[in-house]
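Below is one structure, written out as C-alpha cells; comments come after it.
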Amino acid sequence: MVRHGDAGKQRSTKVIDSEFAFYGPVGFDIGALWGNYVIAAARSLALGDESRAAWCLALIEETWDAFAREFTALWPSVRDPRVFRDWTREAYLTKVQTDAWGFAAAKAARRVVGLAKVTDIETLEEPLRVGAARGVLHASRLMATERHLSADTSYFQERITNVLADACTFGLAEPATLLMSPTRRNNGEGPHGY
C-alpha cells in the first residue's frame, strides 16, 4: 500500500481505483466533505446523539469559512489585477460554493443508494437505518435543489438539521426534539419541512 510520501520508498508503484482520480472543480472536494458530514450527522441523530450531529453539521460552515479565508488571503499573490478584480474572486467563491452543495448532494445520496454504501448508515439497526437513509436522501434533495438560493452556510445547516431530524425520528416512539424548534417537531404526520 502506498500512502502520501511513500513513493520513493517502494520498489514499484501500482495505481488502483484510477477511475476515481480526476482533475476537476474545486467544489468537488469541499462537497465530498460536506456530504460525509451530513451522513455522520444522520447517524448521530438516529442514535440520539444530537450534540454530535450538531457538531458534524457545524463543520460545514467551519470548512467553508477556512477555505474562503485562505483563498482570499492567497488571491493577491496569484491574480493579475489588470484582469481579475476582487468581484471576480467573490463570483468565483460563490460558484465554488454552489458547486460544492451539488457535489455534497450527489456524494451523500450515492453513499446511501449506490453500490458503495457507507457503514455509518448500513450498520444501524433496521428502523434507525431506514430513518437515517431517508434523512440523507431528503438532505441531498435539499442541497441539490436549493443550492442556488443562498450563499449562507448557516441557512443550509439549519435546513439540513431539520430535514435530518424529521426523517430520523419519523415513526420512532420518542423523537429527538432538541434540534427542532417547536413548530418543526414531528407530530406523527410524516417528514415535513420542504
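Of note:
- Taking 138, 148 and ordering them by how much accessible surface each has at a 1.4 Å probe, largest first, produces 148, 138.
- Under 12 Å, Cβ to Cβ, from residue 155 - net charge with Lys/Arg +1 and Asp/Glu -1: -2
- Rolled with a 1.4 Å probe across the full set of protein chains, the surface gives residue 137 an accessible area near 60 Å².
- Per residue, the accessible area of the range 78-151 comes to 56 Å² when a 1.4 Å probe rolls over the protein heavy atoms.
- Under 13 Å, Cβ to Cβ, from residue 62 - net charge with Lys/Arg +1 and Asp/Glu -1: -2
- Considering only 22, 42, 105, and ranking their Cα positions along the charge dipole of the range 8-129 that arises from unit charges at the beta-carbon of Lys, Arg, Asp and Glu, the one farthest toward the positive end is 22.
- Taking trypsin sites (Lys or Arg not before Pro) across the range 88-133, the ones in a DSSP loop with at most 16 further Cβ atoms lying within 10 angstrom of their Cβ are 117.
- Heavy-atom accessible surface of the range 34-98: percent carbon and sulfur, 1.4 Å: 59 percent
The values are calculated or read from the model by the stated rules, or taken from the named source; none is laboratory data. Just so we're clear, the structure is a prediction, and the values are computed from it rather than from any experiment. With ideal geometry, Cβ positions are generated from the backbone for all residues, glycine too; neighbour counts draw on all protein chains shown. All accessible areas refer to the heavy atoms of the entire protein, side chains included, with ligands and DNA or RNA removed. Shrake-Rupley method; radii C 1.70, N 1.55, O 1.52, S 1.80 Å.
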